[in-house]
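The structure under discussion appears below in the form of structure tokens.
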Amino acid sequence: DVFDLGLAVAMASTDHFAPYQVQTWADIPDALKEASGLYYADYGGYVSIGYDPDVVPEPTSLRDLLKPEYRGAVTINGDPTESGVAFATVAFAALHNGGGVDDFQPGIDFFAELNQAGNFLKLNPTPATIASGETPVVFDWDYLNVGYGNQVEGQRNWEVVVFPDVGLAGYYYMAINADAPNPAAARLWMEFIYSDEVQNLFLKGGSRPARAEAMADAGTIDAELYDALPPVPAETVVPTPEQSEAGSKLLSEKWATAVQ
């Protein structure tokens, strides 16, 4: 009846969606929704760096990760030509390496440099690899990195860093299937997802609900959980559909060669 998708897939799939605007539509920031209601964000987070403080020092900048202390230690969650968070990680690297969401090349260049230095580890992180010490530095969404720490508590120390100056945020998007066998049920589900109750459940899972700012203003957000999230950077960047499309095209052409 409904879809829950990354932005790139949502953009490419609009022929399959039926527009619908939930009652809390106005609370969803314009940057996180398609104007007619074809798709809109439900939850998201910031690209972060999780690290084991007993193995490596705290990274305070992207280029810290090029130092010898991080040899064979730095991994990302997936292939950026296929994975939403890995894609966002390259965009994040571009932002912190002289480029940006309009120019992914410096992000690709950074990982090529990281690979050449022997610091890039081509292994997808999991709680098991973190607990074993195989992946002591992990690029991932902040809520996933926080979750890894919760899962390995007692086995490993795990800290999470979101750089304070500029951050790359990404969200997942909901849409109603135009061929939904139960379209009324689909609409009811969407109302449930965007209710205060479920938006707070996303928050309980460590992610940032799409309605967070409006709920904070209204006093309906779980303040304890909201305040426990890693601090929001001074500047937040969310790639537009056009920037995501151009970045995807460049990555498909350049990524494999850069990190081979």
- Query: What are the residues whose amide H is under 5 Å from the amide H of residue 17, where those residues sit 5 or more places off or on another chain and H is modelled from the backbone?
  - Reply: 178
- List, in order, the whole-Hz ³J(HN,Hα) value for each residue of region 180-191 obtained from phi through the Karplus relation with A = 6.51, B = -1.76, C = 1.60 and θ = phi - 60°; use x for Gly and Pro. 4, x, 10, x, 5, 5, 4, 5, 5, 4, 5, 4
- Task: Go through region 4-17 residue by residue and turn each phi into a ³J(HN,Hα) via Karplus (6.51, -1.76, 1.60, θ = phi - 60°); whole Hz please, and just put x for glycine and proline.
- Result: 10, 9, x, 4, 4, 5, 4, 4, 7, 10, 4, 5, 9, 9
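Ordering 187, 71, 211, 156 by accessible area with a probe of 1.4 Å, largest first, what comes out?
Details: 187 95, 71 160, 211 10, 156 70 Å².
Largest accessible area first, the list is 71, 187, 156, 211.
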- residue 122 - accessible surface, heavy atoms, 1.4 Å probe, Å² rounded to 10: 120 Å²
- Message: How tilted is helix 142-152 with respect to the longest principal axis of the chain? Cα atoms for both, answer in degrees (0 to 90, nearest 10).
- Response: 70 degrees
- Message: Placing one identical point scatterer on every Cα of the chain and ignoring solvent, what is log10 I(q)/I(0) from the Debye formula at q = 0.08, 0.13 Å⁻¹?
- Response: -0.33, -0.85
- For 75, 14, 257, write out the residues from largest to smallest accessible area, computed with a 1.4 angstrom probe and no ligands counted. 257, 14, 75
- Query: Within the chain, how many Lys pairs sit with Cα atoms under 27 Å apart, leaving out pairs fewer than 8 places apart on the same chain?
  - Reply: 6
- For the chain, longest principal axis from Cα atoms; helix 84-95 axis from its Cα atoms; angle between them, nearest 10 degrees, is 60 degrees
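The values are calculated or read from the model by the stated rules, or taken from the named source; none is laboratory data. What you are looking at is a predicted structure, and each value in this text was computed from that prediction instead of being measured. The protein model used for the area step is the full one, side chains on, heavy atoms only, and it has no ligands, DNA or RNA in it. Shrake-Rupley method; radii C 1.70, N 1.55, O 1.52, S 1.80 Å.
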